[in-house]
Ligand SMILES: C[S@@+](CC[C@H](N)C(=O)[O-])C[C@H]1O[C@@H](n2cnc3c(N)ncnc32)[C@H](O)[C@@H]1O
């Protein structure tokens with residue numbers, strides 16, 4: 001800035017402040033316009049609502065190439081009781097993978113060419129051996145459904161259910177597979193790189209120092225005898 005005295009210095013500061021404000025406003029406006037303006041396609045059957053039902057049937061109603069993101073966590077294979085129906089009750093691992101692929105094929109169909117499917121699956125022990133279910137699924141998906149596997153993001157559970165195993169460790173991770181159907185997928189790396197606040201409201205600070213604490217507290221409070 002040239003030497004124009006106190007008054008012109010103040011004016012320069014005001015101009016700079018206005019420029020910063022306008023750039024901020026413009027950036028926000030541009031981001032809002034390009035990232036967050038979503039219009040309901042004419043043939044979209046659901047919009048801003050929670051729809052309960054069999055996803056195999058419901059997904060078929062959604063038009064192709066119409067959704068930005070599908071994120072799902074199907075049941076483990078033969079491990080949980082969700083009312084005796086749905087995915088996870090198949091007779092064999094192969095039937096389970098086929099059922100998952102049937103759903104996944106629909107997920108891949110409905111996402112836009114710029115969209116993503118994030119699929120979380122847990123593993124399963126049979127005869128003391130891991131079945132590697134998540135990886136069987138991911139291989140089948142990439143081989144059969146014309147998708148690209150962008151990442152296998154590992155969910156590290158900082159508070160897994162404690163077990164009494166003497167011959168193996170507790171499984172405390174699960175994969176989240178990020179699939180796309182073209183190289184032109186939307187990706188906001190800047191959002192990911194923003195510093196995260198690791199302090200969680202449940203007292204879990206991400207260091208692992210509270211692992212199992214909640215369960216041990218419940219055990220201590222319980223009226224049951226050790227045998228029960
Ligand atoms: C691992 S849980 C998902 C939990 C969920 N992500 C949450 O945070 O609450 C799996 C869910 O899938 C449901 N499910 C199983 N088969 C289904 C199907 N064909 N259609 C819709 N939901 C199904 C089960 O009833 C169960 O609630």
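Counting just the residues of segment 73-98 that are within 7 Å of the ligand (Cβ to nearest atom) and crowded, with 18+ Cβ neighbours inside 10 Å, which one comes out modelled with the highest pLDDT?
So, considering only residues that are within 7 Å of the ligand (Cβ to nearest atom) and crowded, with 18+ Cβ neighbours inside 10 Å, the one modelled with the highest pLDDT is 74.
Has segment 38-59 got at least one residue that is more than 16 Å from the ligand (Cβ to nearest atom) and modelled with pLDDT under 65?
Taking every residue of segment 38-59 in turn, none turns out to be more than 16 Å from the ligand (Cβ to nearest atom) and modelled with pLDDT under 65.
Residues of segment 55-72 being over 15 Å from residue 104 (Cβ atoms) and surrounded by 11 or more Cβ atoms within 10 Å (Cβ to Cβ), which ones?
Of the residues in segment 55-72, the ones over 15 Å from residue 104 (Cβ atoms) are 57, 61, 63, 65-66, 68.
Residues satisfying the conditions are 61, 63, 65, 66, 68.
Could you check residue 130 against (1) more than 16 Å from residue 175 (Cβ to Cβ); (2) surrounded by fewer than 15 Cβ atoms within 10 Å (Cβ to Cβ) and say which number it fails?
(1)
Is it true that some residue in segment 174-189 is over 30 Å from residue 39 (Cα atoms) and either modelled with pLDDT under 90 or touching a strand residue (DSSP E or B) at 6+ places or on another chain (Cβ under 9 Å) (or both)?
Of the residues in segment 174-189, the ones over 30 Å from residue 39 (Cα atoms) are 174-175.
After this cut, where a residue has to be either modelled with pLDDT under 90 or touching a strand residue (DSSP E or B) at 6+ places or on another chain (Cβ under 9 Å) (or both) as well, the list is 174-175.
Within segment 174-189, one or more residues are over 30 Å from residue 39 (Cα atoms) and either modelled with pLDDT under 90 or touching a strand residue (DSSP E or B) at 6+ places or on another chain (Cβ under 9 Å) (or both).
The values are calculated or read from the model by the stated rules, or taken from the named source; none is laboratory data. No experiment lies behind these values; they were computed from the predicted model shown. A quick note on method: Cβ atoms are made from the backbone with ideal geometry, for glycine too, and the neighbour counts reach across all protein chains shown.
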